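The values are calculated or read from the model by the stated rules, or taken from the named source; none is laboratory data. All values derive from a computational prediction rather than experimental measurement. Positions of Cβ are generated from backbone atoms using ideal geometry, with glycine treated the same way; all protein chains shown enter the neighbour counts.
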Amino acid sequence: MNVQSKASAGANHAKTAPAYLDVWDLHAYYGESYIVQGISFKVHEGEILALLGRNGAGKTTTLRSIARLDDPQVTHGEIWLDHQPLHNMKSYEAAISGLGLVPEDRRIIPGLTVEENLKLAQIAPPIGWSIERLYDLFPRLGERRAQEGVTLSGGEQQMLAIARALARDIKVLLLDEPYEGLAPVIVDEIEKTLRLIKEQGMTTIIVEQNAVRALELADRAVILDTGGIVFDGLASEVLENEELRAEYLAI
């Protein structure tokens, strides 16, 4: 397989094929560092996309750029969600439009219980994700609804962060290193939940250093290397290509 030609074909195709989330010619900096160097990719509705690469490849920068956070600085590019342009929006406007970012540090609000964290995020009245529906999805949270969120275990905090994002009735879930520091049994539980919400139509982008787990979960993969895309295709193709995994993912 010609990885470079495949990546180029994916980028050229990004703006013409129907896409739920479309990232086009994105450029982003941290200070003077040119991190994301003109990448284009698309995500279809209900799809899980694994955004992968070595440390420093630009994965988190891409995710934060899509979410329209103040850092990094996006200097050029377009981001479209369900035919709506997000690239001129502030982060809160993009969030209202349907983006839900779960950052690596989870950002659980101190002093609030599990339920208060969820209610604070929830739109009123909830359209799709009521509090009780979230507890059905994450039974552990239901059992600990009155417990302060920051006192939960790491895995339970990750569940709360995902549930809090869903509480806003989002269209796209953006996950930054959701498995970081978690025991395999907890990762299994979170993956089961991500598969369940996929079955219910959720579109997800996952950035994860545990590339094999992410690829086993995902429908498609985009691999970044030094700010550019080197692969855009089926996740199964990456799992089957030892040369590609060794060169760009060190697995």
The listed residue being under 15 Å from the mean Cα position of the chain (by Cα) and not aliphatic (A, V, I, L, M), out of 147, 209, 200:
209
Hits in the stretch 50-85 (condition: closer than 15 Å to residue 28 by Cα and part of a loop (DSSP other than H, G, I, E, B)):
56, 57, 58, 67, 68, 69, 70, 71, 72
Just wondering, is there one or more residues in the stretch 126-147 that are in contact with a helix residue (DSSP H, G or I) (Cβ under 7 Å, 6 or more places away or on another chain), small (Gly, Ala, Ser) and closer than 23 Å to residue 99 by Cβ?
no
For residue 173, are the conditions met, namely being in contact with a Gly (Cβ under 8 Å, 6 or more places away or on another chain) and buried (at least 20 other Cβ atoms within 10 Å of the Cβ)?
yes
Out of 96, 79, which single residue is at pLDDT below 95, closer than 19 Å to residue 170 by Cβ and under 19 Å from the mean Cα position of the chain (by Cα)?
96
Within the stretch 86-109, can you find the residues that are outside any helix (DSSP H, G or I), among the aliphatic types (A, V, I, L, M) and more than 29 Å from residue 140 (Cα to Cα)?
86, 89
Kindly indicate the residue of the stretch 37-70 that is among the charged types (D, E, K, R) and in contact with a Lys or Arg (Cβ under 7 Å, 6 or more places away or on another chain) and also nearest to residue 244 (Cα to Cα) among those meeting that condition.
47
Is it true that some residue in the stretch 197-206 is surrounded by fewer than 21 Cβ atoms within 10 Å (Cβ to Cβ) and free of Cβ contacts under 8 Å to residues at least 24 places away in the same chain?
yes
Restricting the stretch 106-128 to residues that are out of contact with any Lys or Arg (no Cβ under 8 Å at 6 or more places or on another chain) and among the charged types (D, E, K, R), the one surrounded by the most Cβ atoms within 10 Å (Cβ to Cβ) turns out to be 106
Checking the conditions here, which among 118, 101, 86, 152 is within 27 Å of residue 215 (Cα to Cα) and of a type outside the set (S, T, N, Q)?
101
So which residues in the stretch 110-138 are more than 21 Å from residue 153 (Cα to Cα) and in a loop (DSSP other than H, G, I, E, B), if there are any at all?
122, 123, 124, 125, 126, 127, 128, 129, 130
